[in-house]
Amino acid sequence: MFGRSKELEALKSAWAKARDGQRQIVLLAGEPGIGKTRLAIETARAAHAEGGTVLFGTCDEDVGMPYRPFVEALRHYVAHASEETLATHVASHGGELTRIVPELARRVPNLPAPQKAEAETERYLLFEAVTGLLSAASQESPIVLILDDLHWAGMPELLLLKHMIRAALPMRLLVIGTYRDTDLMRTHPLTAVLADLRRENEVRRLSLQGLDDMAVETLVRAVARHDLDESWISLAHAIRRETEGNPFFIGEVIRHLSESGAFFQEGERWKYRGTIEALGIPEGVREVIGRRLSRLSETTNRILSLGAVIGRQFDVALLSRVAETSEDAVLDALDEATAAALVREVTGGQFVFRHALIRTTLYEELSATRRARLHRRVAEALEDLVQGAPDARVEELAYHWLAATEAVDAAKAVAYARQAAERALAGLAFEEAAEYYERALGVWTPRDRAGEALRCDLLIGLGDAQRRAGNPQYRATVQQAVDAARALGDGERLARAVLTTARPGGFNASSDVIDRELIALYEEAAAALGDGDSLLRARVLGQLAVELLHTHEQERRNSLTREAVAIARRIGDRLGLAQVLVLRIVAISNPFTLAERLTLLEELTSLAEELGNRELACSAAYHRTVALLEAGDIAGAEASLAELERLATELRQPFFGWVARLGAAMLAGLRGDPDTERLAIAAFEFGVAGGQPEAATALGGQLFICG
């Protein structure tokens, strides 16, 4: 590549290290058109020539599909991977990967379903499955994974990237991520991730600058196909000044000069007429793109504008519906645009603008009103295309209806945004789900009781997604949902709103903070539900008891959880019963309830086995280890801890891995093992790495005992 020898050398060095087993991550930064993607692709081509596997995924500016770049990359791999590699992966990770790559089920017969667990656990298992597949695949051949346009990535994709970078598994892997540093604000999620990655030894950042005069001379020489005399050198320098050395801009200027007749060919040599000043070199990239577009037919410009509304990539079937013309007419226009190097065909019937700046130029030429109307046309055409089965394209439908913005479209926009949010939650993309809920709330104006109820549901969904994502703003959102439910006089919605604050399994209620405000909300929700039996009421009562854990209201906790368990038994919901049993075990924990807790733990273990729920089994093993230690049954505690360690290894959930290590350190201390301090510190380090807030407190307690 012209003028990129230093960057190519750095990428070549990173590839050599990755090929030898040292995982490498190179982040290419620069302005639009500077050559980030081209540089990544050139590196990938060289790696492929040496036997490497190349995987490619890109982020989208408009349509937020959960984990999109990883989905694109892994779908391709799963489609072509050996049966042996996939079978080995499934033996370790089951069907977890099918949450984002359902095609795996077509390659591996009798694939088990993904585990049902707390949402945070499910996401961790998904991340481990993605990392595990890349690790296994890289043992067959080293991998180059290109993640393009990370400035459009959401937190789900970035969190998966961080997990992959920090995973302990061996990987012969080079990740090349591209992003526009010009698009990053202080609040952009990628900004925080980049700051975190500065501490990682395997991560290198390269900032691409514009080409210098010599590089542009070389480029112009290649175009002109002859040595440059003084006038051509002056032209090359003038082009570099106007474009600031941006390769994409340079290419567009040269195409413009050729198309306009300023460049002409005599034999095998290119020449230009007149002075450099008379050539009219455009001053901005959008200006040069605009001039090139103006030389196309009116029909082609219209088709391209409609394609720009659809997105960077668009399909002929949808475009012909929006344009209200035949597919042949659309293809004729796209042939003209392809010849002008403005679009290219990627697969049958799918086209993409050759650069995001081309699409942006076309899109921004439309007025805001025109854009909104065209988004509505696209949305209606999409509905016609999917024929009542929108699941596969629900994110596109949500995007276009939300962009239509007209009041009459608000109900549809909200409906599709909710579907997209629910799909994101199912795909464990909590941050993306929260964004869809926020956008739905932004266009929804309640006009009656049903509208107020819908707003309350959106707030509940938003609060739940924010809590799962670890966003502390969820408490403020929950309060809004509670206020909305109160105004409606709706006890069920009030209870659902409050339960979005519930910490999974009560485990995180181990700090000594008493949240009186939250306790009051649970009390209000319990009163609003009345005395009838429902799993919702059982969960509210059980969670209220957990929130009271560090108060002196021991009898009240006992009474609340006894009632919660009784309700679950009467309803006959086995999973619900298991969940409230865990809450009771947590809430009544004291030396006088040891016998009852051991009995409840036997039932919980049996339910976990019946339901095939390893997370519940882990909970049972954890609480049984603690209870047996209280009972002085060291041999029993050791056996239970061994079971916890086995399950934690299978489940790959950071919390259970941490408590298993805590248990090992605790048992070592009781035996007077001199290795106790080392085990306690190892548990602390594992807990910190897994984001456990009580890791430091637990270490302090164990070191105090050691001392």
**Asked** Using the heavy atoms of the protein chains alone and a 1.4 angstrom probe, what is the accessible area of the chain per residue in square angstrom?
**Response** 44
**Request:** Mind pulling the angle between the C-alpha long axis of helix 449-468 and the longest principal axis of the chain? Nearest 10 degrees, somewhere in 0 to 90.
**Result:** 90
**Prompt:** At a 1.4 Å probe, what is the % contribution of carbon and sulfur to the accessible area of the chain?
**Reply:** 50
**Fill in**
Spelling it out for GLY311: with amide H atoms placed in the peptide plane at 1.01 Å from N, the residues 5 or more places away or on another chain with amide H under 5 Å from its amide H are none
**Asked** In whole percent, what relative contact order does segment 199-251 give with Cα contacts below 8 Å and a gap of six or more residues?
**Response** 44
**Message:** Compute the angle between helix 474-488 and the longest alpha-carbon principal axis of the chain, please, reported from 0 to 90 degrees and rounded to the nearest 10.
**Reply:** 70
**Message:** Over segment 292-374, what is the relative contact order in percent, taking alpha-carbon pairs closer than 8 angstrom and at least six residues apart?
**Reply:** 32
**Message:** Pairs of alpha-carbon atoms within less than 8 angstrom and 6+ residues apart define the contacts here; what relative contact order does the chain have, in percent?
**Reply:** 9
**Message:** Give me a comma-separated list of calculated 3J(HN,Hα) values for segment 189-195, in order, Karplus coefficients 6.51, -1.76, 1.60 applied at θ = phi - 60°, integers in Hz, x for any Gly or Pro.
**Reply:** x, 5, 4, 5, 5, 4, 5
**Prompt:** In nm, to one decimal, how far is the PHE264 label point from the GLU61 one, both placed 7 Å along Cα→Cβ?
**Reply:** 3.7
**Distance from segment 1-74 to segment 562-619 (C-alpha centre basis), Å** = 50
**Asked** Could you work out the helix-only [θ] at 222 nm for the chain, with each DSSP H run of four or more residues adding -39,500 (n - 2.57) and the total divided by the number of residues, to the nearest 500 deg cm²/dmol?
**Response** -20500 deg cm²/dmol
**Message:** With just the Cα atoms defining each centre, how far is segment 321-350 from segment 85-100? Give it in Å.
**Reply:** 39
**Item:** lysines with Cα under 30 Å of LYS116, excluding same-chain neighbours fewer than 8 positions away
**Value:** LYS162
**Request:** Sort segment 420-558 into rounded, prolate or oblate with this rule: let a ≥ b ≥ c be the square roots of the eigenvalues of the Cα gyration tensor; rounded if a/c is under 1.5, and if a/c is not under 1.5, prolate when a/b is larger than b/c, oblate otherwise.
**Result:** oblate
**Prompt:** Out of residues 5 or more away from PHE56 or on other chains, whose amide H comes under 5 Å of its own, with H placed 1.01 Å from N in the peptide plane?
**Reply:** ILE146
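The values are calculated or read from the model by the stated rules, or taken from the named source; none is laboratory data. Small disclaimer: the values here were computed from a predicted structure and weren't measured. Positions of Cβ are generated from backbone atoms using ideal geometry, with glycine treated the same way; all protein chains shown enter the neighbour counts. For accessibility, only protein heavy atoms count, side chains too; no ligands or nucleic acids. Shrake-Rupley method; radii C 1.70, N 1.55, O 1.52, S 1.80 Å.
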